[in-house]
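Here, each number is a calculation from the coordinates, and none is a lab measurement. On a predicted model such as this, the values are computed, not experimentally measured, just so you know. As a convention, Cβ positions derive from the backbone with ideal geometry for all residues, glycine included, and neighbour counts pool all protein chains shown.
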Amino acid sequence: MIRRNGPQTWRNVHVTKQTQLGDLIDIDNSMPGGGQPTGFELLKQAARDLEDVVRHAQQQGIRIRALGSGWALTDIAVTDGWLINTKPLNACFDVSDRYFDSDYPTSKRPYLVIAQCGMSVGELNVHLEITATPGFRRALKTSGIGCGQTIAGAISGNTHGAAINFGATPDFVVGLQVVTGGGKSLWIERASYSVMNDDFLTSLDATRVRDDDVFNAAVVSFGAFGIIAAVAIETAPLYQLRFPPVNDIPHDALKHKLDNFDFNDPSGLYHYEFVFDPYSKSEVAMEAAATKVTFEAGHAPPGSIWIVRDAANFAPGDKTTPALLATGNYAIPMFMGARFLTARIRTAIQFGQYRKKCILGDVRSTPGQLFMATITYFEGYTESAFGVSIDDAAKMMDISSDVIRQMRLPAMSQVRVVHPTQALLGFTSLGPKTAVFEFGLANDAKFQKFEDNLISALTEASVPYTLHWSKNSGIDAQRLDDMYGAARVATWRAARGLVFENDAKRMAVFDNDHLTRAGLT
């Protein structure tokens, strides 16, 4: 069912972006006449409703964007036209054996699910780990640190997690149902990896596209290929990650480890991250490394951090956090006698709080239990994230620390290592592994200046880099080519043209300022 809420001001969850909408449109799984619809009936009805809205936008010349959880820190999902709220489209289905392609491995079939676009990662975890058939519990192969994102939003922006030998969230997707305004939804798969058969396509009333380039472009396409209505996801038998107590490691030892990283650690290393303070006098980082182990009942999950906002979008600490992170004069007066908190001290405070509340240690739990935080960033706070090859990770520690110290910014860094993605514009695409450096920063004018300075320093040092689509401010056409190469960008653009049958009017409906800035319109 389609429900229009009219023009209004919209803010993302983390209150880093705001826009005036022409309309906020809810679409849910209500069926005309009620009844108990089948999975295919729900999927088809949702696609028809989405198609109706898209066709109407085409006729009116209005730009639209699908809204998941509004989790992105950038304007990647922002529009000045119609924002389509897909969160009520949150059903999930197992698939009967009759609908699989004959080439799709029998052993994988019980672990494939179809999830609608609006299903949150947390909801999907519940479906897989708790409400599934007793004795047949499953888990996602990787996850970001939180579970508030919708599944379509998580994959479209390349949420990465820290699965060293698997990949990021786009890499567990093997099929996409996409609404483009062409009359029927598309079902997109790789030609090299067939999953669903003709009966499935007929039951879904969708048109098949089997093409590796199109799939690898569409899976990380930030809404530019249309509205992802549903995804086919390969899951794994339920497992746990075992984190020993957090390890303190000297920076020199950490750099040596990164330069000689053992991707095939005999202990079964699955998740790896570290946190470091660029100002640290002791130069000791925190290290969290987990092995993948079989599920074993009786282990207590970690507590989660919940920050609840009121109707005015304020949370506890909203007024103090921007002050603590403010960078105007790089030192703010506090009621501490005549003393001032410098950037070094403020970073040390962040580092200490992260040790107490955020980094995982001395715990054994399932992915759904571990990565369940639905945290929001305090207003006035944001993040920047860069990907580099793990071969350059030690250099990145030094280069980023120099930039932070020169700018006297209060900023520590969390780093997670992930297997490269096949997605054409996936920022976790650098081999042999991508090390993702995330920097917590104040959301002010210094944010983009930091990114510009760090990019300049990396370029001067000949260190290839990528920028996180959902976290970085400075992705323009030149930087896009620098990151991915003109040929890769051209392949992505050609795939988009194929999906829309090179109809510029249909494509323009899904353009936005973020896409234009990156030179992808």
**Request:** Just subtract the alpha-carbon distance of ARG408 and ARG3 from 0.36 nm times their residue separation and send over the number in nm, one decimal.
**Result:** 140.9 nm
**Asked** With contacts defined as alpha carbon pairs under 8 Å and 6 or more residues apart, what's the relative contact order of the chain in percent?
**Response** 17
**Message:** So if each residue of separation counts as 0.36 nm, and I subtract the Cα-Cα distance between THR106 and GLN59, what length gain in nm does that give?
**Reply:** 12.4 nm
**Prompt:** Over all Cα pairs of segment 50-190, how is the pair count split among 5 Å bins, expressed in % and running from 0 up to the last occupied bin?
**Reply:** 2, 9, 16, 20, 20, 16, 9, 6, 2, 0, 0
**Prompt:** How high is the relative contact order of segment 1-50, in percent, with contacts defined as C-alpha pairs under 8 Å that are six or more residues apart?
**Reply:** 38
**Request:** Find how much the distance from ALA191 to ASP259 grows on full extension, using 0.36 nm per residue of separation minus their present alpha carbon separation; answer in nm with one decimal.
**Result:** 20.8 nm
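Mind ordering 356-366, 392-402, 226-236 by average Cβ neighbours within 10 Å, highest first?
For the peptides 356-366, 392-402, 226-236, the packing ranking is 226-236, 392-402, 356-366.
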**Prompt:** Where does each of 87-94, 104-111 land if you order them by average Cβ count within 10 Å, highest first?
**Reply:** 87-94, 104-111
**Asked** Which entries of LYS292/LYS433; LYS257/LYS292; LYS108/LYS292; LYS257/LYS433; LYS141/LYS184 show an alpha-carbon separation above 23 angstrom in the structure shown?
**Response** LYS141/LYS184
**Prompt:** Under a plain spin-label model, where a point goes 7 Å from the Cα along Cα-to-Cβ, how far apart in nm are ILE359 and THR291?
**Reply:** 2.1
**Prompt:** By the gyration tensor of its Cα atoms, with a ≥ b ≥ c the square roots of the eigenvalues, what is the shape of the chain: rounded for a/c under 1.5, prolate for a/b over b/c, or oblate?
**Reply:** prolate
**Request:** Rank-order 125-131, 381-387 by packing density, defined as the average count of other C-beta atoms within 10 Å over each peptide's residues, highest first.
**Result:** 381-387, 125-131
**Cα long-axis angle, helix 393-407 against the chain (0 to 90 degrees, to the nearest 10)** = 70
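Using the Kirkwood formula on the Cα atoms of segment 28-69, what hydrodynamic radius do you get, in angstrom to one decimal?
Final number for the Kirkwood radius of segment 28-69 is 11.7 Å.
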**Complete:** At 37 °C and 0.692 mPa s, the Stokes-Einstein diffusion coefficient in µm²/s for segment 393-521, with hydrodynamic radius from the Kirkwood sum on alpha carbon pairs, is 203
